[in-house]
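Colleague: Structure provided below as C-alpha cells; questions to follow.
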Amino acid sequence: KEYAGRLQKLYRGLKPGRTKIEAVAYEDPLEAVIYGIVSERMRDDVAQAAMVGIRDTFIDWNDLRVSRVEEIVEIFGEDTPATRSTGAALTMVLRAVFDAYHALTLQPLKKMGKRPAKQALEELQGMSRFAVNYCMLTSLQAHAIPLTASMVDYLRQQEVVDPQADEEDIEGFLSRQVAAKNGYEFYVLLRRASESARVAKKKKKKTRRKSSKVAKAKK
C-alpha cells in the first residue's frame, strides 16, 4: 500500500495537465518490435532520429536483416557497446522472424490471443523483455508497461518500488497499479521523466569535472 500510494502520487505529478498523450498504434507488430529494439538503449528522441536514418539507408526490412552490424552502428552516429548491441539485436530478431514466418512481418500475431502472441515474441532469438512489452502495448493492445534501464533506475530513485524488486516484479506491480487504458500514457510520462533526470545528471557531472579542472589549474 505504501509503494502504491507513492506511485500514484508520482503519476499525478508527471501528468501534463490537460495535454493528452496520443497513443501510437503500429499496424504490423514487426514495426513495434524494431522501434522497441532501437529505443531500448537510447533516448526516445535519439531513437526516432535513428529510425529515420534506418529508413533512409536501407531499402526495406530485408535489406536491414542482411546488413552488417557495423553498417547499422554507423547510422547511430557512435560506436559503443550499446549501439553494437542494438545493431546485433536488430539483425538477430529479423532473421528469427524470417525463419519463423518466411516473411518479414508479424501480422500473424494479431490473429492469436494475447498470451500466445507474447509467447511467440519471447521465443524469437534476440528479443528483449522491453521489445516484447513495447510491441504488446503499441501493436497488440495488451496491458503492458515497457521499462528501460533508466526507467527502472528512476523508479528506484523516487522510492516508489521496493529496492529489492527485480524488473519482472516491478512490471507486475506497475501493471496492477496502472489501468490498461492509462498504460501508454504512463509509459511515455515515466520515460520522459527518467530521460530528463539522466540528462540532468550527466550535465551535473560534466560541470563538476570542469570545476575540478579549473581548481587544479589555479593551484
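Colleague: Would you please give the FRET efficiency between Glu27 and Glu167, computed as 1/(1 + (r/R0)^6) with r the Cβ-Cβ distance and R0 = 35 Å, to the nearest 0.05? Please report the intermediate quantities before stating the final value.
Modeller: Working: r = 29 Å, r/R0 = 0.82.
The computed FRET efficiency comes out at 0.75.
Colleague: Can you sort Ile54, Ile59 by solvent-accessible area, 1.4 Å probe, largest first? If you can, show how the numbers build up before the last one.
Modeller: Numbers: Ile54 0, Ile59 150 Å².
From most accessible down to least: Ile59, Ile54.
Colleague: I've got another one for you. Among the aspartates and glutamates, select those whose C-alpha is under 16 Å from the C-alpha of Lys118, and discard any that sit fewer than 8 residues away in the same chain.
Modeller: Asp28, Glu31, Glu168, Glu171
Colleague: Residues with beta-carbon under 12 Å from that of Ser85, excluding Ser85: net charge, scoring Lys, Arg +1 and Asp, Glu -1?
Modeller: Numbers: positive: Arg41, Arg84; negative: Glu40, Asp79.
Counting the neighbours of Ser85, the net charge comes to 0.
Colleague: May I pose another question? So what is the accessible area of segment 45-89 per residue, in Å², with the probe set to 1.4 Å? Intermediate results must be reported in sequence, preceding the final value.
Modeller: Numbers: 2540 Å² over 45 residues.
Roughly 56 Å² per residue, with all protein chains present.
Colleague: Based on the Cα gyration tensor of segment 1-135, what are the three equivalent ellipsoid semi-axes, each the root of five times an eigenvalue, rounded to whole Å and given largest first?
Modeller: On the way: eigenvalues 161, 84, 40 Å².
Equivalent ellipsoid semi-axes, largest first: 28, 21, 14 Å.
Colleague: Expressed as a whole number of Å, what is the distance separating the alpha-carbon centroids of segment 142-204 and segment 70-86?
Modeller: So the separation of the two Cα centres works out to 25 Å.
Colleague: Sticking with this structure for a sec: Compute the length gained on full extension between Ala82 and Gln157: take 0.36 nm times their separation in residues and subtract their Cα-Cα distance, giving the result in nm to one decimal. Intermediate values should be presented prior to the final figure.
Modeller: Values: separation 75, 0.36 × 75 = 27.00 nm, distance 2.29 nm.
Result for the pair: 24.7 nm of gain on full extension.
Colleague: Roughly how much of Asp45 is accessible, in Å² to the nearest 10, using a 1.4 Å probe?
Modeller: Only protein atoms counted, so the area is about 90 Å².
Colleague: Treat every Asp and Glu Cβ in segment 59-110 as -1 and every Lys and Arg Cβ as +1, leave all other atoms uncharged, and give the resulting dipole magnitude about the Cα centre to the nearest 20 debye. The partial results should precede the final answer.
Modeller: On the way: 5 positive and 8 negative charges, 66 e Å.
Here the size comes out at about 320 debye.
Colleague: To the nearest 10 square angstrom, how much accessible area does Val38 have with a 1.4 angstrom probe?
Modeller: Rounded to the nearest 10, the figure is 0 Å².
Colleague: While we're looking at this one, here's another question. Calculated FRET efficiency, Tyr3 and Glu123, Cβ-Cβ r, R0 25 Å, to nearest 0.05?
Modeller: Values: r = 32 Å, r/R0 = 1.30.
Step by step, r from the Cβ atoms, then E = 0.15.
Colleague: Oh, and also: Give the Kirkwood hydrodynamic radius (Å, one decimal) of segment 75-190, defined as one over the mean of 1/r across all pairs of different Cα atoms. Kindly include the intermediate steps, with their values, before the conclusion.
Modeller: Details: mean 1/r = 0.0639 Å⁻¹.
It is 15.7 Å.
The values are calculated or read from the model by the stated rules, or taken from the named source; none is laboratory data. What you are looking at is a predicted structure, and each value in this text was computed from that prediction instead of being measured. Every residue, glycine as well, gets a Cβ built from its backbone with ideal geometry; the counts of neighbours run over all protein chains shown. Please note that ligands, DNA and RNA were not included when accessible areas were found on the heavy atoms of the full protein model with its side chains. Shrake-Rupley method; radii C 1.70, N 1.55, O 1.52, S 1.80 Å.
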